[in-house]
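The values are calculated or read from the model by the stated rules, or taken from the named source; none is laboratory data. Only a predicted model underlies this, so the values are computations on that prediction, with no experimental measurement involved. Don't worry about glycine lacking a Cβ; one is built from the backbone with ideal geometry, like all the others, and counts go over all protein chains shown. Calculation scope for accessible area: heavy atoms of the full protein, side chains included, ligands and nucleic acids excluded. Shrake-Rupley method; radii C 1.70, N 1.55, O 1.52, S 1.80 Å.
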Amino acid sequence: MLRLTLAARIALIVIIAMTVVWIAAIALYYRSSTAERDGVRPSPAQLAALAELVERTPQDQRHLIWSAMTSGRFEVRIEDAISLPTPEPIESAKDARQRDAYASALGGRTLTLTSPPNNGRMRWFPRLARLSANAVEFRIALRTGETLIVDTHALILVTPLGLPVGFGAGLFGTIVALLALLVMQRETRPLARLAAAVDRVDLSADPSPLPQPRRSAPEIRAVVAAFNRLQGRLSEMLRARMTLVGGIAHDVRTFATRLRLRVDRIADETERQRAVADIDDMIRLLDDAMLSSRASAGELPQEMIELGALIRVEVNDRRADGTPVDLASDQATKDVIVIGDRVALRRVLGNLIDNAVKYGRVAHVRATLGDDVALVTVDDEGQGIPAHERQAMFEPFNRLETSRNRATGGAGLGLAVVRSLVEAHGGSVEISQTESRGGRVIVRLPVFQAR
C-alpha cells in the first residue's frame with residue numbers, strides 16, 4: 001500500500017486543485033466564446049442584403065464592398081464556383097436550423113455552412129494565439145454564377161506578448177503555489193526528524209534533545225520543545241523507578257539471606273531442603289530483578305570480556321553441578337571480545353541453559369562468529385515453542401504452561417531477563433527451532449572492534 005507523507009498529500013491536493021481551477025477556467029472561457037459566436041454572425045437579412053448588393057455591383061467596384069465589410073471578425077471575398085473545392089458542411093443540429101433560416105432569407109440561393117480552412121497553421125491547437133475560434137464560413141451561390149464567401153470568427157483575446165488573457169495570471173499562481181510547496185516542505189522537515197527521534201528514543205541512556213528549528217513555525221518549535229521535555233521526564237521517571245526497584249530488591253535479598261541462614265535450624269531434612277530451594281529461587285528472582293533494573297537504567301558496568309572463555313566457564317560450572325549441557329565453539333570465537341557486564345552475560349547463559357534443561361532435558365550450547373556479531377545458540381531436545389507464541393515468551397511472567405505452578409516451571413521471567421540484558425549490551429535475541437523441532441534460542445552480541 002502506497003504511504004504518502006504529509007508534504008506529498010498537501011502537494012497532491014494543491015496540484016489537483018490547480019488542475020481543476022485551470023480546467024474550469026478554460027471551460028468557462030470556451031463556453032463564453034461559444035456564446036459569443038452568435039453575436040458575431042450576420043443576421044439572415046444582412047446576409048441576404050449583402051448577396052443582393054454584390055450581385056448588383058459591377059466587378060470593378062466590388063472592392064469597395066470588401067473594404068467596407070472586412071474587419072477583425074468578418075472577411076468577405078468572392079470566388080469562381082469552378083475553382084472551389086467541395087467543402088465539408090457543419091452537421092450539428094443547431095447549425096442546421098440556422099442554415100435553414102439563412103436559406104429562407106436568401107431567396108433560393110444555395111447556402112453552405114462550413115469551417116474555414118486552417119492552411120496548416122497550428123494543426124493541433126487551431127484556436128490559440130490569434131487563430132479564429134468558433135469560426136463559420138458562409139458559402140452563397142450567387143445568381144451570377146459566382147460564390148460569395150463570408151468568414152465570421154471571434155478572435156481569442158491575447159496579451160501584448162501573444163499569450164491568451166489569463167495565462168499570465170495562471171502561470172503566476174502556479175509559480176506561487178510551487179514556492180508555497182517548497183516552503184511547506186521545509187516546514188514539515190522537522191516533523192520527519194521528530195518521528196525519527198521518537199523511534200530512536202533509548203530511555204536507558206541520557207536523553208538526546210532535538211535541536212530547535214529556529215526558522216520553523218511557532219507550532220513546530222512548540223512540538224519539538226514539548227518532545228524534548230517529555231523525553232527528559234520519561235528518563236527521570238524510569239531512572240527513579242529502577243532505582244526504587246533495585247533498592248527494594250537489594251533489601252529483600254538481604255532479608256532472604258538472613259532467612260537462609262536460619263533455615264539450617266530446621267530439624268527435618270526434607271523440609272529444610274524444600275525451604276532452602278524456595279529461598280534460593282527467591283534470591284535468584286531478586287538478582288534477576290536487580291540486574292534488569294540496572295540494565296534498564298543504563299547502569300551496567302562495562303568491561304572487555306573474552307566471550308569464549310566466559311561461555312566455557314559457565315558450561316563447566318553447570319557440568320560440575322550435574323547439568324546435562326555440552327559446548328561446541330568455532331575456533332574463530334576463541335579470541336572474540338565483547339563489551340559488557342560479566343555477571344549479566346553469565347546470567348543470560350545461565351537462564352538459557354536452565355530453560356533448555358528444564359523443558360528440553362539437555363542444553364546444546366554453540367558459539368559462532370558472524371558479520372561483526374557473536375552468535376550464541378542454545379538448543380534443547382524438547383517440543384519447541386509454537387511460532388505464534390515465541391515473541392510472547394519474552395514478556396515478563398509469560399509461560400507456555402500457564403498454571404503458575406513452580407513444580408512445572410519457573411516464574412516466567414527467565415527469557416524476559418535475557419532480552420533485557422542482551423538489549424542493554426546492544427544485541428538481540430530470538431527464538432527458533434532445531435532441525436528436530438526442538439527449541440532454539442539465538443543471542444547476537446556486537447563484537448568489539450579495535451580501531
**Message:** It is to be established whether one or more residues within region 275-288 are outside any helix (DSSP H, G or I) and open to solvent by 70 Å² or more (accessible area, probe 1.4 Å).
**Reply:** no
**Prompt:** Residues of region 206-232 being closer than 25 Å to Val183 by Cβ and not in a loop (DSSP other than H, G, I, E, B), which ones?
**Reply:** Pro218, Glu219, Ile220, Arg221, Ala222, Val223, Val224, Ala225, Ala226, Phe227, Asn228
**Request:** Starting from residues that are within 14 Å of Gly438 (Cα to Cα), surrounded by fewer than 21 Cβ atoms within 10 Å (Cβ to Cβ) and not charged (D, E, K, R), keep the ones in region 361-375 and report whichever is nearest to the chain's Cα centre (by Cα).
**Result:** His364
**Prompt:** Do the conditions hold for Pro301, that is, is it at pLDDT 90 or above and open to solvent by 10 Å² or more (accessible area, probe 1.4 Å)?
**Reply:** no
**Complete:** Over region 376-392, the set of residues part of a loop (DSSP other than H, G, I, E, B), under 16 Å from Arg419 (Cβ atoms) and open to solvent by less than 40 Å² (accessible area, probe 1.4 Å) is Ile385
**Request:** Just give me the residues in region 328-348 being hydrophobic (A, V, I, L, M, F, W, C) and farther than 16 Å from Ser293 by Cα, in sequence order.
**Result:** Ala328, Ala332, Val336, Ile337, Val338, Ile339
**Item:** Filter result for the condition that a residue is open to solvent by 80 Å² or more (accessible area, probe 1.4 Å) and under 17 Å from Ile337 (Cα atoms), over Arg319, Arg312
**Value:** Arg312
**Prompt:** If a residue has to be open to solvent by less than 60 Å² (accessible area, probe 1.4 Å), modelled with pLDDT of 80 or more and more than 30 Å from Arg284 (Cα to Cα) to count, how many in region 220-270 make the cut?
**Reply:** 8
**Residues that are at negative phi, in a loop (DSSP other than H, G, I, E, B) and either open to solvent by 50 Å² or more (accessible area, probe 1.4 Å) or at pLDDT 85 or above (or both), drawn from region 402-448** = Thr402, Ser403, Asn405, His425, Gly427, Thr434, Glu435, Ser436, Gly438, Val447, Phe448
**region 326-344, residues that are assigned to a helix (DSSP H, G or I) and either open to solvent by 40 Å² or more (accessible area, probe 1.4 Å) or modelled with pLDDT of 90 or more (or both)** = Gln331, Ala332, Arg342, Val343
